[in-house]
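Structure first, then comments.
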Amino acid sequence: MPVEYILLQTVAVPLVVAPVVLLLGRKLGRNVGWVAFASLLYTTLLLAYLASSLFNGGASVTESYAWVPVSGLVFGFLGDNLSIPVALTMNIIVTATSVYSMGYMKHRLEAMYGEERKGQYSLYFLNFMLLDAGLIGISLSTNLLELYMFLELMLIPSAFMMALFGYVNRERVAIMYFLWNHLGAFIFLAGIVLVYTATGSFQISALSTIPLGTVAYWAVGLILVGWLIKMAVFGVHMWLPYAHAEHPTSFAPIMATIVAVGNYVVVRLLVEGMPAAFLPFSFPLMVIALITMVFGGAMTMVQNDVKYVYAWSTISQNAYSLLGIGSLTLLGVSGGVFYFLNHIIGKTILFCVAGILVSQVGTRDIRKMGGLASKMPLTAALALIGTMVISAVPPTGGFQAEWILFEGVFARGTTGGIEWNFVVAIGGLAATILTVAYTFWPMRRIFFGPLRAELQDVREAPLIMILPIFFLAVLAIAIGIYPDLLFRSLYHFASGIGLGVR
């Protein structure tokens, strides 16, 4: 039996629950997280229902609602083979993190105030729910102006998260984060306005009607640059390491997802909507992606702060998806999106492990750790699985995604005798060696070797922090064993937009 307003519900429920958790937080304290979890679990089940239908050959779902009837503006949602896997994966991450947050924020509030202040949970979960609505809204939007509004809905709560619950320089970093991301959003908005002047419409479907020429190239350039700033590619990456290091660690998985969702937007707006105008930008995008992969990886190798390790690696890892998307091949584009989904799962596991280390060990300095696997075997096992996902080791989904992505990248490099494409493909493959180094090296330094004397009293994290990560670890392995869980839909989408080269 079809569920009415199913796409609207996935966005509206978090928005409706947000003020509820604000009101209940003072009374329930951290237990208000269960209210957030219940609502997020409901929307996850709705998205899983749609994903199952698409997996079995069902049709896409569209919904349209009057917005400004006088001007003819409507807002709508599209659930297809691209948007539903993305929305479902992101919602699973937010749902799991809502449970993890209850354990982590108890530690964070005690560290900030010397006591667990119940009222602070209200503010935390209020912003938490708004962020989920923003993420899902971006993935389902059919209107450029609507997409921009959901983008701003993510920006403001995430800045508040940093300013309210971050670390030493949280206010300064929150302002820096807001300014950089608002700059990206402003450039994106300029691209939206240009599209409207050319088409008279804000509908994403109108992108394909822009004649190939100067306006189309400018629109692609503005949209792309705006999102590359928000994705922290090399040259405009400066804000991300500080933002990732200063925000509360329970928010880190959401932050990594916010950064990575730009891959989806590039595919939806440019690869699907304006492929001919995007083509001249594809090779430069691959080059900047390769530079970002190497630079981010090199910077990761020299970090000693566990949060900075995973922050810099986010810059490097996110660029893998851009490399595949820039190839404009069937497997490159579908593999690039597939890689980004596996990346945010693996990075969520690792950032949650970082939060456990902060709360249980009391330090972020890797030089003060070592041998912790004997004291925290469950955390060590989860860290290993997260590391395997990020470094593309089977049987995790990261391996499948990277294999598919590079098959598409090499298809671009070996088609038509374009030598520089092949050079970039070889460079991207070589960069994977650096990835293995910067992921397994911290793992060894933190969890293996002799146990330091001052760590004898360290204990395993509470189950409320372990179990959500365990679920994501199982999911990562399940995707690795049966990648069609996500990849089948993505491949069908890419096949349907005319990407002819394997």
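Rule-based calculations on the coordinates, nothing more; no lab input. What you are looking at is a predicted structure, and each value in this text was computed from that prediction instead of being measured. No Cβ is skipped: glycine too gets one built from the backbone with ideal geometry, and neighbour counts run over all protein chains shown.
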Output for Cβ contacts, cut-off 9 Å, separation at least six or different chains, first residue under 13 Å from Val333 (Cα atoms) in segment 274-288, second of a type in the set (D, E, K, R) and buried (at least 19 other Cβ atoms within 10 Å of the Cβ), reads Ser282/Arg412; Met286/Arg412
Filter result for the condition that a residue is of a type in the set (A, V, I, L, M, F, W, C), over 24 Å from Ala311 (Cβ atoms) and touching a helix residue (DSSP H, G or I) at 6+ places or on another chain (Cβ under 9 Å), over Ala190, Ala163, Ala185:
Ala190
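Please indicate, with yes or no, whether at least one residue in segment 475-494 is assigned to a loop (DSSP other than H, G, I, E, B) and under 24 Å from the mean Cα position of the chain (by Cα). Let's see the steps before the verdict.
So in segment 475-494, the residues assigned to a loop (DSSP other than H, G, I, E, B) come out as 482-483.
This time we only want the ones that are under 24 Å from the mean Cα position of the chain (by Cα), so: 482-483.
There is at least one residue in segment 475-494 that is assigned to a loop (DSSP other than H, G, I, E, B) and under 24 Å from the mean Cα position of the chain (by Cα).
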Selection from segment 460-475 of residues that are within 10 Å of Ile356 (Cα to Cα), surrounded by fewer than 23 Cβ atoms within 10 Å (Cβ to Cβ) and not acidic (Asp, Glu)
Pro462, Ile466
Looking only at segment 124-143, decide whether some residue is over 19 Å from Asn91 (Cα atoms) and assigned to a helix (DSSP H, G or I).
no
Residue count for segment 310-331, restricted to those that are surrounded by 24 or more Cβ atoms within 10 Å (Cβ to Cβ) and more than 23 Å from Ile229 (Cβ to Cβ)
2
If Thr62 passes every condition in (1) assigned to a helix (DSSP H, G or I); (2) under 28 Å from Ser205 (Cα atoms) but one, which one does it miss?
(1)
Answer yes or no as to whether Tyr148 is in a helix (DSSP H, G or I) and surrounded by 19 or more Cβ atoms within 10 Å (Cβ to Cβ).
yes
Looking only at helices (runs of 4 or more DSSP H) that lie completely in segment 201-266, which have at least 2 residues being touching a Cys at 6+ places or on another chain (Cβ under 9 Å), more than 17 Å from Trp180 (Cβ to Cβ) and touching a residue at least 60 places away in the same chain (Cβ under 8 Å)?
252-266
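Does Glu402 satisfy being buried (at least 24 other Cβ atoms within 10 Å of the Cβ) and acidic (Asp, Glu)? Before you say what the answer is, go through the steps one by one.
Details: buried (at least 24 other Cβ atoms within 10 Å of the Cβ): yes; acidic (Asp, Glu): yes.
So Glu402 passes the test.
Among the charged types (D, E, K, R), out of contact with any helix residue (DSSP H, G or I) (no Cβ under 7 Å at 6 or more places or on another chain) and touching a residue at least 40 places away in the same chain (Cβ under 8 Å): which single residue out of Lys375, Lys347, Lys368 fits that description? Can you show your working first?
Numbers: Lys375 fails: out of contact with any helix residue (DSSP H, G or I) (no Cβ under 7 Å at 6 or more places or on another chain); Lys347 fails: out of contact with any helix residue (DSSP H, G or I) (no Cβ under 7 Å at 6 or more places or on another chain).
Residue meeting the stated conditions: Lys368.
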